[in-house]
Amino acid sequence: MKTTHKYSINFIGLLSLLLICSCSGDEEIRIEENKEVPDETLIDPEKLFKIFQDKSKTPPLVTIGDEFDFVEAYSLLSTYDTIGESFKLANFVDGAGFLKDENGYRYIVNCESSYAVARVFLDEYLTPIKGDYLLTRSNIEYAKQCSATMWEASIHGGSKDIFLSASEAINFDVKGIDPWVEDPTPNADFGLDALGEFSWENAVPLPKDVYPGKTVILGGDDDSTDSEGQVVLYYSENGDDDLKNGKVYVLKTKEISNGNGGVQIARNDQIYTEAYFDYGVTYKIEFVEIENAGSLTKDEMEIECKNVLATHFMRVEDLDYRKGSNEDSRNIYFAVTGNGPGQGSYNDWGTIYKLELDENSPLSGTLTQIVSGNTDSNNMDGNLAELQSPDNICVTENFIYIQEDPNSFSRGHGAYIYQSDLNGNNIKKVLELNPNSNGDFKGEFGSLIDISTKVQIPGTFILAVQPKREIGSQIILLKGLPR
């Protein structure tokens, strides 16, 4: 494993990236967030040098895996740093978004258990120069702000960018925050009531041309009580940026395992859990409406989810869609964190699912469990014995990146980030969070964002880390990570 930095260009990694891009289908227009970036050999070496260096007092708290020794990690910012006149990053960074502005870039990030949303301004070389807060714990609807997604007008529709910040606990809504506001009002009401009250882990809008003229947002309900976790879908046919007048739906399976590796029709008078799904088997699903969802409390939503026989998952965490064409982006991936061993749960160690929505409507599709840590528990058919509490997820055109949060339960190793192909195969460990000074494995990974297109350097990602030690937050820049 390596922790050293290097500035030489990795020609093998670059060649592999170019081959992947050249083999991808180009029959459809590529979505803007996945448009081509220049060959790294054509980029000014001085620019690369200024970007890819540590900007923080704290070195990166990660170790790169042996199979990814061509990837480099650099620290951008931590809670030990002060930027601008007095800005310090709060603890527990999680979901984030990244935008290019006229002078550089801005990074908007949830600070989960600090109940805040921070905005960090970076110059053209990704050096943090100042920051402020768009939301603070003084807000009347303060909450644990978990994962997040940047709604970009050029990609997702409408005329303005919106930071969708998901509230998991205390108050249960999705907050829509203006990332361009000049004078932040951290105490304002940002709640998007029409999306309903859940234990929101994330709310992910699909690109505007996936279902033209429609607004489609997928969400994860990080809940283990009562109706447990749901896969949520907000859907409006009133344009591609309607966040007020849509309807809320939850996933309900139409098929289950027959107990012998096959499929049978699900009964229409029974609630099913993910225990009825075998690893690697595809099942038909539908989304069923929760009527008047925008007016329901969290407790009322739990009751209605059971009334419509929604399928239960053991804490739905982060979601992401495949990048590439509009057809690609109908493939949504989500993590289910599990509840730990010895809890009597139907999902101990966590699972990853692939949800394929139908071409003509997002209200139907298929569901496949593609990664499972339950190799020796529950259905005992998993494929990743090391997996512990998958939390965040990042999906590119060619890969899935799975980030762990082993704080509630663990297998005795630190948080890993894994890479797999788009069907959950060929799984490799990309990096791991270093143990603390006592040798304890604490901490978790937050969001991983591909910023290659915006900075015009292939394989460039930003990673949020919750070390859960004397350092409360760290932002890391990754160089050379395959897309």
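The values are calculated or read from the model by the stated rules, or taken from the named source; none is laboratory data. Remember, it's a predicted structure, so these values are computed and weren't measured experimentally. Note: ideal-geometry Cβ built from the backbone for every residue, glycine included; neighbour counts use all protein chains shown.
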Filtering region 98-114 down to residues that are touching a Leu at 6+ places or on another chain (Cβ under 8 Å), of a type outside the set (Val, Ile, Thr) and assigned to a strand (DSSP E or B), which residue is farthest from residue 442 (Cα to Cα)?
105
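Which ones in region 409-424 are hydroxyl-bearing (Ser, Thr, Tyr) and either touching an Asp or Glu at 6+ places or on another chain (Cβ under 6 Å) or at pLDDT 95 or above (or both)?
Applying the first criterion (hydroxyl-bearing (Ser, Thr, Tyr)) to region 409-424 yields 410, 416, 418, 420.
Within region 409-424, 416, 418, 420 meet the criteria.
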Which one of these is small (Gly, Ala, Ser), more than 27 Å from residue 194 (Cβ to Cβ) and either in contact with a strand residue (DSSP E or B) (Cβ under 9 Å, 6 or more places away or on another chain) or assigned to a loop (DSSP other than H, G, I, E, B) (or both): 294, 324?
324
Those residues that are touching a strand residue (DSSP E or B) at 6+ places or on another chain (Cβ under 7 Å), crowded, with 21+ Cβ neighbours inside 10 Å and within 14 Å of residue 228 (Cα to Cα), I need them from region 339-364; list them, please.
347
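In region 236-252, what residues are buried (at least 20 other Cβ atoms within 10 Å of the Cβ) and either assigned to a strand (DSSP E or B) or of a type in the set (Ser, Thr, Tyr) (or both)? Break it down into steps so the answer makes sense when it comes.
So in region 236-252, the residues buried (at least 20 other Cβ atoms within 10 Å of the Cβ) come out as 240, 243, 246, 248-252.
Selection gives 248, 249, 250, 251, 252.
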Filter region 191-226 for residues that are in contact with a helix residue (DSSP H, G or I) (Cβ under 6 Å, 6 or more places away or on another chain) and surrounded by fewer than 22 Cβ atoms within 10 Å (Cβ to Cβ); which is nearest to residue 145 (Cα to Cα)?
193
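Go through region 115-129 and give me each residue that's surrounded by fewer than 22 Cβ atoms within 10 Å (Cβ to Cβ) and not in a loop (DSSP other than H, G, I, E, B). Give the derivation first.
Restricting attention to region 115-129, the residues satisfying the condition of being surrounded by fewer than 22 Cβ atoms within 10 Å (Cβ to Cβ) are 121, 123-125, 127, 129.
Within region 115-129, 121, 129 qualify.
So for region 410-421 (the condition being of a type outside the set (S, T, N, Q), more than 26 Å from residue 93 (Cα to Cα) and within 20 Å of the chain's Cα centre (by Cα)), does at least one residue qualify?
We begin by selecting, within region 410-421, every residue of a type outside the set (S, T, N, Q); these are 411-418, 421.
From the residues that got through so far, the ones that are more than 26 Å from residue 93 (Cα to Cα) too are 421.
Filter once more, so that each one left must be within 20 Å of the chain's Cα centre (by Cα): 421.
So far as region 410-421 goes, yes, one or more of its residues are of a type outside the set (S, T, N, Q), more than 26 Å from residue 93 (Cα to Cα) and within 20 Å of the chain's Cα centre (by Cα).
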How many residues does region 415-448 hold that are surrounded by fewer than 22 Cβ atoms within 10 Å (Cβ to Cβ) and β-branched (Val, Ile, Thr)?
1
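With 474, 419, 456, 466 as the choices, which residue is on the phi > 0 side of the Ramachandran plot and of a type in the set (S, T, N, Q)? Show your work before the answer.
Working: 474 fails: on the phi > 0 side of the Ramachandran plot; 419 fails: on the phi > 0 side of the Ramachandran plot; 466 fails: on the phi > 0 side of the Ramachandran plot.
Of the residues listed, the single one that is on the phi > 0 side of the Ramachandran plot and of a type in the set (S, T, N, Q) is 456.
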Quick check on residue 283: is it closer than 17 Å to residue 366 by Cα, in a strand (DSSP E or B) and more than 21 Å from the chain's Cα centre (by Cα)?
yes
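For (1) within 30 Å of residue 170 (Cα to Cα); (2) under 20 Å from the mean Cα position of the chain (by Cα); (3) buried (at least 21 other Cβ atoms within 10 Å of the Cβ), each residue gets a yes or a no:
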| position | (1), (2), (3) |
| --- | --- |
| 46 | no, no, no |
| 53 | no, no, no |
| 60 | no, no, yes |
| 96 | yes, yes, yes |
| 104 | no, no, no |
| 107 | yes, yes, yes |
| 113 | yes, yes, no |
Which numbered condition residue 187 misses (of (1) touching a Ser or Thr at 6+ places or on another chain (Cβ under 7 Å); (2) surrounded by fewer than 23 Cβ atoms within 10 Å (Cβ to Cβ); (3) at pLDDT 95 or above)
(3)
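Residue-wise test of (1) part of a strand (DSSP E or B); (2) at pLDDT 95 or above; (3) closer than 21 Å to residue 220 by Cβ; (4) small (Gly, Ala, Ser).
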{"position": "403", "(1), (2), (3), (4)": "yes, yes, yes, no"}
{"position": "407", "(1), (2), (3), (4)": "no, no, yes, no"}
{"position": "426", "(1), (2), (3), (4)": "no, yes, no, no"}
{"position": "431", "(1), (2), (3), (4)": "yes, yes, no, no"}
{"position": "436", "(1), (2), (3), (4)": "no, no, no, no"}
{"position": "441", "(1), (2), (3), (4)": "no, no, no, no"}
{"position": "445", "(1), (2), (3), (4)": "yes, yes, yes, no"}
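Just to be sure before I move on: is residue 315 in contact with a Lys or Arg (Cβ under 9 Å, 6 or more places away or on another chain), surrounded by 15 or more Cβ atoms within 10 Å (Cβ to Cβ), charged (D, E, K, R) and in contact (Cβ under 8 Å) with a residue 24 or more places away in the chain in the structure I sent?
In short, no.
Only one residue in 252, 247 is in contact with a helix residue (DSSP H, G or I) (Cβ under 9 Å, 6 or more places away or on another chain) and either within 23 Å of residue 215 (Cα to Cα) or without any contact (Cβ under 8 Å) to a residue 40 or more places away in the chain (or both). Which one? Break it down into steps so the answer makes sense when it comes.
Details: 252 fails: in contact with a helix residue (DSSP H, G or I) (Cβ under 9 Å, 6 or more places away or on another chain).
None of the other options fit; the residue is 247.
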Residue 384 fails exactly one of (1) buried (at least 18 other Cβ atoms within 10 Å of the Cβ); (2) part of a strand (DSSP E or B); (3) not polar (S, T, N, Q), namely (2)
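I'd like to know if region 428-439 contains one or more residues that are out of contact with any Lys or Arg (no Cβ under 7 Å at 6 or more places or on another chain) and closer than 18 Å to residue 313 by Cβ. Give the steps one after another, and end with the answer.
First pass over region 428-439, keeping only residues out of contact with any Lys or Arg (no Cβ under 7 Å at 6 or more places or on another chain): 428-435, 437-439.
Subsequent filtering for residues that are closer than 18 Å to residue 313 by Cβ retains none.
Looking for residues that are out of contact with any Lys or Arg (no Cβ under 7 Å at 6 or more places or on another chain) and closer than 18 Å to residue 313 by Cβ, one finds none in region 428-439, hence no.
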